[in-house]
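A.B. asks: Input: one structure, supplied below.
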Amino acid sequence: MEEIRELAQIQGLADNTLIGSPEDMGGSVIRFKGKGNLLYCEEGVKLSRCAISFQGDNGLVILGKNRHVYSMDISVNNNCSITFGRDCYFNGQLHAIASEETDIFIGDDCLFSFGVWVRTADPHLIYDAETHRRINPSRSVYIGDHVWIGQNALILKGTRIGSGAIIGAGSVVSGKTITSNSSWAGNPVRKKRDGIFWDEPCVHTWTSEMTEKHEIRKTRKFIFNPDAHTVDFDTLHAPHESAEERLAKHLAIGYDNLQKNRFAIRDAVPPAQKKRGSISTVIKRLAKTGSGQEGK
C-alpha cells in the first residue's frame, strides 16, 4: 500500500500516479491499495481532512480547481472513476463510493449539504428466486452543473441529475433521471416542481431588508436546456480503458467543454405518432362524402 499524508511523500509513489498536487493537504490522507491508479488535481485544490482511497487497480479520481475547500471521504474500486468539476461547495463531508467498474461524475458549481452519500452499488448480491439471475447490477451516477443536494440525501446507483436541479433534504434517489431546473424530495424521491432555479447566497443571517432586496432575481444564468452541445453521459463510461485514457475523456467532456447546457436534461419526448387526422382533414373528408366524392 502507498499512502500520502504530506506533500513531500508524493515523490515516493512507485505503482500509482499523482498528476498535479493539492496546495494544502489539511490533515488529509490519500491511500493506494492497488496499482495503476491515478489522482489528478488541477491547480488550486485544497483538502481538509479528506480521505481518498483507491481500493483496487486502475482507479481514477479527478479534482477540479476550486475556490472552496474539498471535504470528503471517497472510495474508488477497480476500474472506477470519481470526477469533481470546478468550484463545488461542501457544507460538511461528502461520502462517495464507486464500485464494480462504475463512475461518479459531478459537474461544476454543485452544492453538497451535510451528510450526503453517493453510491453506485447496493453492494451485496440480490437474485430472482425463479430465474436465479442477479437483479441488482451496479450503475454509474451522473450529476450535472449547478446542482444542490440537500442535507442527508442519498444518491444511489443509476441516478442522473440534470444541471440546475435541487434534491431536498433526506431524499433517497435511486435510478431516477432528474430533469434540469426541477426540485425533487422524499423517500422515494418525487418531483415537487418544474421551472425553478436556485442561487448561491445563504439566508441564515439576513434581515428583512435583505430578504426584500432579493425577492426577485432577473437572470437566465441558471436555466438550462438541451442543445447541440449537450453530451451523453454514457460516453464517459469506459472501465476497460486505462486510467490515463479515461482521464483524457473526462477532461475533454467535463473541463474543456465549457458550454452552458452540456449536462442539461429535459423530459423525454415520446416518438411522434402518426395522427389519424386533424380537424381540418376531417372536415374536408366529410365535405367530400357529402358531395359524393369520397371513395371514387
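A.B. asks: Using a cut-off of 12 Å between beta-carbons, work out the net charge of the residues near residue 186 (Lys and Arg +1, Asp and Glu -1, residue 186 not included).
C.D. replies: +4
A.B. asks: With 10 angstrom as the radius, rank 127, 255, 70 by how many other C-beta atoms surround their C-beta, starting from the fewest.
C.D. replies: Lowest count first: 127, 255, 70.
A.B. asks: Now for a separate question. Below 13 angstrom from the Cβ of residue 5, what's the summed charge of the other residues (Lys, Arg +1; Asp, Glu -1)?
C.D. replies: With Lys, Arg at +1 and Asp, Glu at -1, the net is -2.
A.B. asks: To test your reading of the geometry: what angle, between 0 and 90 degrees and rounded to tens, separates the Cα axis of helix 279-290 from the longest principal axis of the chain?
C.D. replies: Relative to the chain, helix 279-290 is tipped by roughly 20 degrees.
A.B. asks: Another question, if that's okay. What range in the chain is the longest one free of GluC sites (Glu not before Pro) that are in a loop by DSSP and have at most 12 other Cβ atoms within 10 angstrom?
C.D. replies: Counting only loop sites that pass the neighbour cut-off, the longest clear stretch is 44-129.
A.B. asks: Using Cβ counts within 10 Å as a stand-in for footprinting exposure, how do 161, 135, 74, 216 rank, fewest first?
C.D. replies: 216, 135, 74, 161
A.B. asks: Report, in deg cm²/dmol and to the nearest 500, the calculated mean residue ellipticity at 222 nm for the chain, where each DSSP H run with n ≥ 4 adds -39500 (n - 2.57) and the sum is divided by the residue count.
C.D. replies: Details: 3 runs with 27 residues, N = 296.
Mean residue ellipticity at 222 nm (helix-derived): -2500 deg cm²/dmol.
A.B. asks: Something else: Using +1 at the C-beta of Lys and Arg and -1 at the C-beta of Asp and Glu, which of 150, 11, 189 has the Cα lying farthest in the positive direction of the dipole of the chain?
C.D. replies: 189
A.B. asks: What is the order of 235, 159, 177, fewest Cβ neighbours within 10 Å to most?
C.D. replies: 235, 177, 159
A.B. asks: Of the cross-linked pairs 65/213; 157/221; 35/249; 176/221, which ones have a Cα-Cα span greater than 23 Å in the structure shown?
C.D. replies: Pairs exceeding the cut-off: 65/213; 157/221; 176/221.
A.B. asks: Give the dimensionless ratio obtained when the Cα radius of gyration of the stretch 97-160 is divided by 2.2 N^0.38 Å.
C.D. replies: For the stretch 97-160, the normalised Cα radius of gyration is 1.30.
A.B. asks: Could you give the radius of gyration (one decimal) and Dmax (whole number) of the Cα atoms in the stretch 2-290, in Å?
C.D. replies: Using the Cα atoms of the stretch 2-290, the pair Rg, Dmax is 22.4, 92 Å.
A.B. asks: If Lys and Arg each add +1 and Asp and Glu each add -1, what is the summed charge of the other residues whose beta carbon sits under 14 Å from the beta carbon of residue 253?
C.D. replies: Once positives and negatives cancel, what remains is -4.
Any read-out appearing in this document is the output of simple, stated calculations on the displayed coordinates, not a laboratory observation. All values reported here derive from a predicted model rather than from experimental measurement. Every residue, glycine among them, receives a Cβ derived from its backbone with ideal geometry; neighbour counts consider all protein chains shown.
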